[in-house]
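The values are calculated or read from the model by the stated rules, or taken from the named source; none is laboratory data. What you see is a predicted model, and the numbers here were worked out from it, not measured in a lab. Quick reminder, even Gly has a Cβ in these numbers, built from the backbone with ideal geometry, and neighbours come from all protein chains shown.
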Amino acid sequence: MYNKNILIGIFKTNKNQSIEYLNELNNLLKIFKGIVYKTFLQRRFKPNNLTFVGKGYLDKISIYVKKNLIDTVIFDDELSLSQINNIEKKLKCFISDRTKLILDIFSYRAKTSYAKIQVKLAKYQYLLPRLKHMWSHLERQKGGIGLRGPGEKEIETDRRLIRQTIINLKKKLKKINNQIFIQRKNRKNKISLSLVGYTNVGKTTIINKITKQKLFTENKYFTTLDTNVNKFYFKNKKFLLIDTIGFLRKIPTKLIESFKSSIIEIQNSDIILHIIDISTTFILDKFLYVTNFLFNELNVYNKNIIIVFNKIDKIKNFNKLLIKKNFGIKIFKNKYLIYKNKKMIYICISTKNRKDILKFKRLIYNVTLKINK
Ligand SMILES: Nc1nc2c(ncn2[C@@H]2O[C@H](COP(=O)(O)OP(=O)(O)OP(=O)(O)O)[C@@H](O)[C@H]2O)c(=O)[nH]1
Ligand SMILES: [Mg+2]
């Protein structure tokens with residue numbers, strides 16, 4: 001599973017964006033050291049109800065799968081139950097999609113019991129509507145020739161069991177969340193800042209540089225799953241920096257919602273630091289995706305937000321133009337700047353530059369002067 005992979009996507013008009021999404025899948029697979037043999041991208045107005053891609057296109061994929069002994073085929077969009085069944089019958093290998101792959105990565109990455117419970121909950125919620133498929137899949141693995149398929153009765157029993165497990169997991173989470181609530185209450189007279197952003201933008205690295213810690217960072221997606229609180233002092237004032245799980249486009253917000261601890265911390269913090277990696281592509285899409293979640297799902301309208309353009313040491317020229325056009329500010333390489341427009345505060349930094357980190361601390365201090373804590 002996830003050793004020899006092919007990736008499959010479709011696009012209506014914006015081919016480049018679909019290529020970018022497939023690149024993200026490729027990056028995700030690096031966590032499992034999986035190799036991508038080929039990507040298939042079909043132009044379609046909408047997904048085929050039965051087979052996601054067209055029937056003829058699936059034939060083409062099937063030939064490739066057999067010839068190259070591919071073990072996993074990953075679709076960039078969430079597949080329906082009947083699509084999984086039909087595709088699996090044709091390709092006879094493990095079928096995954098963006099959500100399933102991310103869930104498998106979360107399971108692999110979760111270290112603390114809190115993260116493990118959150119991942120389990122997300123997994124069961126994903127599994128519930130797909131139970132029928134999981135049954136027949138298991139049967140096939142057991143070589144279930146001659147076995148009769150599971151009856152509705154068995155599936156219903158399992159559904160009930162899973163629903164009960166979901167209730168139990170939610171109860172467990174509530175208990176831990178209550179403990180966290182008490183810890184949070186103890187922090188109530190300290191200024192807290194949550195670092196929010198797309199995955200791999202450098203949130204944890206920034207915390208490490210500011211607080212002189214050695215939290216685990218890596219050039220891969222979803223390195224941090226646990227929300228954690230880290231303190232630092234500046235001019236005798238104590239600040240708390242909160243690391244949160246990163247975002248990735250095209251995953252159901254339900255999945256992110258399983259990580260309630262991140263969400264609660266974001267909602268409770270005094271300031272949001274929205275981190276953007278300006279060395280990558282599609283930064284505006286990613287920025288809008290995160291912003292949309294902050295405002296539409298978390299309702300954080302009355303919070304101070306500082307936009308942090310990180311990795312200025314690796315800025316791409318096209319991003320300079322894009323930032324000027326969309327944010328109305330000019331970015332210069334190797335030059336530290338704070339931009340203030342009416343609503344938002346922007347800062348450009350590189351975590352490799354000590355001076356940037358110092359000036360970032362100063363900015364945090366200045367912005368929080370008005371907050372009476
Ligand atoms: N060139 C450059 N690389 C950086 C900078 N800041 C962070 N990185 C690198 O970016 C990669 C991702 O950093 P992390 O701190 O793990 O990113 P994150 O946002 O916490 O990622 P997730 O926890 O996966 O959401 C690491 O390889 C860092 O070394 C920077 O200013 N410049
Ligand atoms: Mg991190």
Residue match in segment 216-233 (condition: surrounded by 19 or more Cβ atoms within 10 Å (Cβ to Cβ), within 12 Å of ligand 1 (Cβ to nearest atom) and more than 30 Å from L101 (Cα to Cα)): no
Qualifying residue in segment 314-328 (condition: within 24 Å of K250 (Cα to Cα), modelled with pLDDT of 95 or more and of a type outside the set (G, A, S)): no
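Okay, residues lined up against (1) touching a Gly at 6+ places or on another chain (Cβ under 8 Å); (2) without any contact (Cβ under 8 Å) to a residue 60 or more places away in the chain; (3) more than 13 Å from ligand 2 (Cβ to nearest atom); (4) over 15 Å from F259 (Cα atoms):
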| position | (1), (2), (3), (4) |
| --- | --- |
| I182 | no, yes, yes, yes |
| K185 | no, yes, yes, yes |
| I191 | no, no, yes, yes |
| S194 | no, no, no, no |
| K212 | no, yes, yes, yes |
| F216 | no, yes, no, yes |
Subset of segment 1-53 (residues that are of a type in the set (S, T, Y) and free of Cβ contacts under 8 Å to residues at least 60 places away in the same chain): T13, S18, Y37, T39, T51
Candidate set from segment 9-18 (those that are exposed (fewer than 14 other Cβ atoms within 10 Å of the Cβ) and not basic (K, R)); member that is farthest from N200 (Cα to Cα): T13
Residue in segment 240-253 that is surrounded by fewer than 19 Cβ atoms within 10 Å (Cβ to Cβ) and either in contact with a His (Cβ under 6 Å, 6 or more places away or on another chain) or basic (K, R) (or both) present: yes
Per-region count, segment 196-207, residues out of contact with any helix residue (DSSP H, G or I) (no Cβ under 8 Å at 6 or more places or on another chain) and either free of Cβ contacts under 8 Å to residues at least 60 places away in the same chain or assigned to a strand (DSSP E or B) (or both): 3
Of residues in segment 200-215 being near ligand 1 (Cβ under 7 Å from one of its atoms) and hydroxyl-bearing (S, T, Y), the one farthest from the chain's Cα centre (by Cα): T205
Residue that is touching a residue at least 40 places away in the same chain (Cβ under 8 Å), crowded, with 20+ Cβ neighbours inside 10 Å and assigned to a helix (DSSP H, G or I), where the choices are I117, I105: I105
Condition met for S279 (surrounded by fewer than 22 Cβ atoms within 10 Å (Cβ to Cβ) and within 16 Å of ligand 1 (Cβ to nearest atom)): yes
D226 within 8 Å of ligand 2 (Cβ to nearest atom) and acidic (D, E): no
Segment 67-102, subset of a type in the set (S, T, N, Q) and in a helix (DSSP H, G or I), residue farthest from K12 (Cα to Cα): N68
